[in-house]
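Here's the structure we're looking at; comments come further down.
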Amino acid sequence: MVLKDWIRVSLSDHKNTIDEGMCGISGCITEGRAVAGILYRSLKRLEYRGYDSAGMATISNGKLYVKKDQGKIDEVNERLNFNEMPGSIGIAHTRWATHGAPSKVNAHPHVDCSGMLAVVHNGVIENFMELKRELLDLNHRFVSKTDTEVVAHLLEENLKRGGDFLSAFINAIKRLDGSYALAAVYVKEPDKILVARQDMPILIGVGDGSMFVASDAAAFIEETNRAVVLQNGEVAVITAKSYDIYRVKDGTKVARSPIVLDWTVEMAEKQGFPHYTLKEIFEQPLTLKSALRLQDAYVDLLTEFLDRGERIFLLAAGTSYHACLAASYMFSKLARLTTFPVVASEFVDNYGHSIDIDTVILAVSQSGETADVLSALEFARLRAATILGITNVVGSTLTRVSRAYLLQNAGPEIGVAATKTFTSQLIVLAQLALRLAKKRGKVAQYEMDEFRDRLYEIPDIVSRVLDEVKVPVQGLAKKYAGEKFFMFLGRGISTATAFEGRLKVMELSYIPCIAYAAGESKHGPISLVEEGTPAFFVCPNDSTRKAILGNIEEMKARGARIITVGSKDDEELMEISDDYIGMPDVHELLSPIVYVLPFQLLAYYLAVEKGLDPDKPRNLAKSVTVL
Ligand code: M6R
């Protein structure tokens, strides 16, 4: 290629590519049953992974059919009607761009020059430029700005040189640097889907006369609950009746039986609620109960590692970070253990120099795939730190990099905003704190017993609170939906509740919010208060109550409207508040699990009031797999 061409490729492509970081892929092959409908439903289930464009490829009678476009899955389907696509084999994709505009040409599947094969991908092919230059020199024609398209042309090139689809696929995979979950189909071998995995999740769903592949089991759970997790460095050949897994490195066959997922179809559906987010908020009594059923041996194992560590970091992002913040109070107050909650993206800069073999990192990540978390863990792992995990996703990367991990057992969370997974993280962390307290023996037995009793009451309390506060919170949402700004304040462990309340309201209603430890008011934030500024206070009847009353008075004196979430019986608080949500008394260290509920509902109802989609807040994706 002449230099001019090289510059054209590199400049144009650098601006627009490396954009496949957060997507959902799926595939299905059956013994004669049409797959288009199945794939369409699977895409809907994967929509939380990305929803700026969607596409599907099927094979029928020696011909490849491809439909794709920009837009949410339903919008694309309305225009293109996926259901019409013929064939009993197909792959599909839902995309969320991180760089470059979503567009029809950039949507997946991507095809080769001859239109004989199609590929869907989640991840980033880091060396795509080098491959693209090589393929352009071989006269391949590229139509998109994506890194993924090189895989289609690489496969085509390998097939031209002889050999079957699998060997062409393995040889292509060997050339790729970066991360990928890939699925490919080829008209000349219409009896198989080939998949590969490196650092991006992919599961094989094992059905009866039909097989599936997907980024997430939610995609095929209505067809089968038997799943095989593909590991890094593996490819699989999937036919309508079988799956064979091979290691890319040496071609050896890997035997792996399916695991049975106890996620029901109902768990992945809305169950009559208008939105997933509301369904998931109301699911919390159940998810909390199931998170109370941890396997003792693993709790002990994590306790052992945490107790041995010299420096303990609680590492996470977003909502999971708020769970870590709350946990740092639990560990300190109940187990007398100092831990450092840290936002994953700041970890290396802040603490990188002091990580060593005596460091223990407890990473908390609902998805287990958050890139900021995984990259911080990789840094720490290379310095011999012990990595522990808490996650909601079996087979996620976090489960693979952790020395030991606990599962939240909350079932799939489709709403982009974390709700049920936050409270399940908290209850898992509370159990760890209790076990650590027992091991370290620094608090009285009666305190531990009391904590334990109160812990097991939580699911019922949550159930009652949800019923009681739903209507009053709806009223608050109506009243405050037109506001331009909110403040959220708490003290002690309720600081974490205030932070999480702010994040929920902000991400679902788009109303700018700030949150801080109420004691900080006088150090600056109080200057924002003017007549009518709505200030939400988290004020359980605990050791922080007296101090926060003072903070409320400070705000009130400057004209703030006070909205308090506090104890049902606290008449003094009710008196000084403009609006009040009454809550039952709970153990101080468990209060975030209960006190966050009105804020989750508020966020949801504010979004509804404002005509927004609470399940899919703009600019956000469920699983943030890019740095
Ligand atoms: O899957 P993770 O728990 O690692 O995700 C962390 C954050 O991306 C996530 O909590 C995010 O902040 C959500 N938007 C919260 O609702």
task: Compute the separation of the alpha-carbon centres of region 352-396 and region 99-130 and state it in Å as a whole number.
output: 31
- prompt: Around SER53, which amide H atoms from residues at least 5 apart in sequence, or from another chain, sit under 5 Å from its own amide H, with H modelled in the peptide plane?
  reply: GLY71, ARG95
Principal-axis tilt of helix 296-308 within the chain, Cα atoms, nearest 10 degrees: 70
query: So for the pair LYS253, VAL443, with labels modelled 7 Å out along Cα→Cβ, what separation do we get in nm?
result: 5.5
query: Given the Cα-Cα distance of ASP177 and ASP460 and 0.36 nm per residue of separation, how much length would full extension add, in nm?
result: 96.9 nm
query: Taking a threshold of 26 Å on the Cα-Cα distance, which of the pairs LYS132/LYS174; LYS420/LYS568; LYS192/LYS622; LYS249/LYS622; LYS67/LYS188 fall above it?
result: LYS192/LYS622; LYS249/LYS622
query: Can you give the accessible area of SER242 in Å² (nearest 10), computed on protein heavy atoms with a 1.4 Å probe?
result: 40
- prompt: How much of the accessible area of region 3-269, in percent, comes from carbon and sulfur atoms when a 1.4 Å probe is used?
  reply: 49
task: Measure nothing fancy, just the Cα-based angle from helix 597-609's long axis to the longest principal axis of the chain, in degrees from 0 to 90, nearest 10.
output: 60
- request: With a 10 Å radius around each residue's Cβ, average the other Cβ atoms per peptide and rank 413-419, 182-188, 295-301, highest first.
  value: 413-419, 182-188, 295-301
- request: Any chance you could look up the accessible area of ASP615 with a 1.4 Å probe, heavy atoms only, rounded to 10 Å²?
  value: 10
- prompt: Going from the alpha-carbon gyration tensor of the chain, what semi-axes, largest first and in whole Å, does one get by taking the root of 5 times each eigenvalue?
  reply: 46, 26, 23
- prompt: If contacts are Cα pairs under 8 angstrom and at least 6 residues apart, what is the relative contact order of region 479-627 in percent?
  reply: 27
field: Computed [θ] at 222 nm, deg cm²/dmol, the chain (DSSP H ≥ 4; -39,500 (n - 2.57); rounded to nearest 500)
entry: -12500 deg cm²/dmol
query: Once the dipole of the chain is set up with Lys and Arg at +1 and Asp and Glu at -1 on Cβ about the Cα centre, which of ILE281, VAL462, TYR321 lies farthest towards its positive end?
result: TYR321
field: Vicinal HN-Hα couplings computed from phi for region 195-208 (Karplus, 6.51 cos²θ - 1.76 cosθ + 1.60; Hz; Gly/Pro x)
entry: 10, 8, 9, 8, 6, 9, x, 8, 10, 9, x, 9, x, 9
statement: In order over region 392-404: 3J(HN,Hα) from phi, Karplus 6.51/-1.76/1.60, θ = phi - 60°, whole Hz, x for each Gly or Pro, gives 9, 10, 5, x, 5, 4, 4, 5, 7, 8, 8, 5, 8
task: Among the aspartates and glutamates, select those whose C-alpha is under 18 Å from the C-alpha of LYS104, and discard any that sit fewer than 8 residues away in the same chain.
output: ASP13, ASP19, GLU20, GLU47, ASP52, ASP69, ASP74, GLU75, GLU78, ASP112, ASP147, GLU149
- request: Averaging sequence separations of C-alpha pairs under 8 Å and six or more residues apart, then dividing by the length of region 166-324, give the relative contact order as a whole percent.
  value: 15
statement: In whole Hz, the Karplus estimates of ³J(HN,Hα) for region 156-161 (6.51, -1.76, 1.60; θ = phi - 60°; x where Gly or Pro) are 4, 4, 5, 5, 4, 7
- prompt: Spin-label point model (7 Å from Cα, Cβ direction): what's the PHE340 to GLU310 distance in nm?
  reply: 1.3
- line: Between ILE576 and LEU620, the two model label points (7 Å from Cα along the beta-carbon direction) sit apart by a distance in nm of 3.2
- request: Would you work out the charge dipole size for the chain about its Cα centre, treating the Cβ of every Lys and Arg as +1 and the Cβ of every Asp and Glu as -1, and quote it to the nearest 20 debye?
  value: 1080
message: Just to be sure I understand: of the beta bridges DSSP finds with both ends in the chain, what percent are antiparallel, rounded to 5?
response: 60
message: Given the whole protein assembly as supplied and a 1.4 Å probe, what does the accessible area of LYS522 come to in Å², nearest 10?
response: 130
- prompt: Percent relative contact order of region 277-352, based on C-alpha pairs within less than 8 angstrom and at least six residues apart?
  reply: 26
query: Quick one: net charge of LEU306's neighbours, Cβ under 13 Å, K/R +1, D/E -1?
result: +3
message: Cut-off under 14 Å on the C-alpha distance; same-chain residues fewer than 8 positions from LYS253 excluded. Which aspartates and glutamates are left, in chain and number order?
response: GLU234, ASP244
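The values are calculated or read from the model by the stated rules, or taken from the named source; none is laboratory data. Computed from a predicted model, the values in this text were never measured in an experiment. A quick note on method: Cβ atoms are made from the backbone with ideal geometry, for glycine too, and the neighbour counts reach across all protein chains shown. Remember, those area values only see protein heavy atoms, side chains included, never the ligands or the DNA or RNA. Shrake-Rupley method; radii C 1.70, N 1.55, O 1.52, S 1.80 Å.
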